[in-house]
Amino acid sequence: MAPKSQKKDFEVNRKVNELSLLWEVSTALGRSMNIRDVVGPVLNALAEQMGMTRGMLTLLNRKTGEIYIEAAHGLSEIQRKRGKYQVGEGIIGTVVKKGKPVVIPHISDEPLFLDRTGSRKNLQKTDISFICVPIKIGTEVIGTLSADRLFDESISLKEDVRLLSIIASMVAQAVRLRQEAQEEREILIQENLRLQSALKDRFRPSNITGKSKGMQEVYKLIAQVSKSNATVIIRGESGTGKELIANAIHYNSLRASKPLIKVNCAALPETVLESELFGHEKGAFTGATSERKGRFELAAGGTIFLDEVGDLPPTVQIRLLRVLQEREFERVGSAKTTKIDVRIIAATNRNLEKLMKEGKFREDMYYRLNVFPVYVPPLRERKTDILLLADFFVERFANINNKTIRRICTHAIDMLMSYHWPGNVRELENCIERAVLMCNEGVIYGYHLPPTLQTSAYTGTIPYGTLQSELDRMERDIIMDALKTSRGNMSQAAKILGTTERIVGLRVDKHKIDTKKLST
């Protein structure tokens, strides 16, 4: 009778422990559906009620197919991070693939048991049993719940499987929510990295076209100042690419992940400029129906780019001076001081020294901005960059407009190189865009360029004369292009032009073209 009584008592105790365990799991789920809040108490309860020595909850990343340990009991952080599997790999991968529980009485007898965590390498594996059950939503396996326990012939591992399966079904919804949150987080991280990389690729100094001595000096200054928090002022004529320099400094700085807020000081009227820069309180002035943050607050932690700073009115200069000195300001209509952490990059095409003498630009403002000046040379001082920029713009606008432009002809190159470019890079960009739109031959010729580049006053070329002289000039350009392509070979040039070698030879003699110079 004693053995039966003991067996009955054992069964009663087991049922009580099981109910207690399920109660703890349901209570944890009642408090939160966040798996991180639930899984700790669940695994601890399994350890206490089942005699579990180690336990793991794994999740399947549906995008990568990787199975990783989300939470564990009895494993160190290093061991937990080691536990990564592919679907079908090892016991855990097999359970995810087939969606059925697996029971191993002795892990030493199972070749599929990988022990990737390394948590059992110093233990007697013949004494360890392993149970792993799938976590499912409908028929889809989203993870596993597994446990180690010391082998005991008197304990039914089937009962452990049944209990683990019940708990797995209870936590399945919480696991699904965690799985989806983790996948969304990974997508956001990857998208953020992609966008940051795209921004850096777009604005990194190596993508500012130009190899002239003047631009090499600009690159050197960008590299020196980018990693600091120093105030930068970019000087140069309109259209030289000052905003591109500001972008390069910001996106190569330690603030690259923070916002870059741009303000064109010349584009905003004085009446709204203060509100735009510093924000305003509700009712601060007529039309201020709600509180509004200014550009400085929006740039918190990042960079604010003040373009055309030389056009700031004196009243705004006074307020901006305090921001430059103290990094603090008040919104319009507020007495509360706001502290900010922001880097300031300014740009101007104005002669600030002359403006100071005329009393239009504050001297103290000038010295606060002029911490690290960067001078961008005009295009007429960097002639060697004209062809690089022209090729860059040809390729860009050809792609935008779905055109195939192979090159720029010799005469057009001469025109580009002879022009003085008062509008700098911006004017060159506009000229090339127009040329690409007008070109249907695959080659940009001189007549595709704007009229301003085709007059003798701007290009130094021969003034337009008679119809015959213009036809002769165009004929010479076409033959020169064909000979350049064939490296001075008249036979090949004739094939390109669809004529005979004899005719090409006559035209070469007529226009006194030296083919030997074109053969190298």
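The values are calculated or read from the model by the stated rules, or taken from the named source; none is laboratory data. Since we're looking at a predicted model, the values are computed, not measured. Don't worry about glycine lacking a Cβ; one is built from the backbone with ideal geometry, like all the others, and counts go over all protein chains shown.
Scanning region 395-447 for residues that are assigned to a helix (DSSP H, G or I), more than 24 Å from Ser238 (Cβ to Cβ) and touching an Asp or Glu at 6+ places or on another chain (Cβ under 6 Å) yields a single hit, His411.
Looking across Lys484, Lys495, one residue alone is part of a helix (DSSP H, G or I), at pLDDT 85 or above, basic (Lys, Arg) and touching a Leu at 6+ places or on another chain (Cβ under 7 Å). It is Lys484.
Does Val103 qualify as being modelled with pLDDT of 85 or more, surrounded by fewer than 21 Cβ atoms within 10 Å (Cβ to Cβ) and among the hydrophobic types (A, V, I, L, M, F, W, C)? In short, yes.
Within region 211-241, being of a type in the set (D, E, K, R) and in contact with a Phe, Trp or Tyr (Cβ under 9 Å, 6 or more places away or on another chain) holds for Glu217, Arg235. Taking every residue in region 259-271 that is surrounded by 11 or more Cβ atoms within 10 Å (Cβ to Cβ) and pairing it with any residue that is at pLDDT 90 or above and of a type in the set (Ser, Thr, Tyr), at least 6 positions away or on another chain, the pairs with Cβ-Cβ distances below 7 Å are Leu260/Thr303. Restricting region 345-368 to residues that are hydrophobic (A, V, I, L, M, F, W, C) and in a strand (DSSP E or B), the residue that is farthest from Val309 (Cα to Cα) is Ile345.
Restricting attention to region 277-315, the residues that are of a type in the set (A, V, I, L, M, F, W, C), in contact with a Gly (Cβ under 6 Å, 6 or more places away or on another chain) and modelled with pLDDT under 85 add up to 1. Flag not set for Ala174, criterion: touching a strand residue (DSSP E or B) at 6+ places or on another chain (Cβ under 9 Å) and buried (at least 19 other Cβ atoms within 10 Å of the Cβ).
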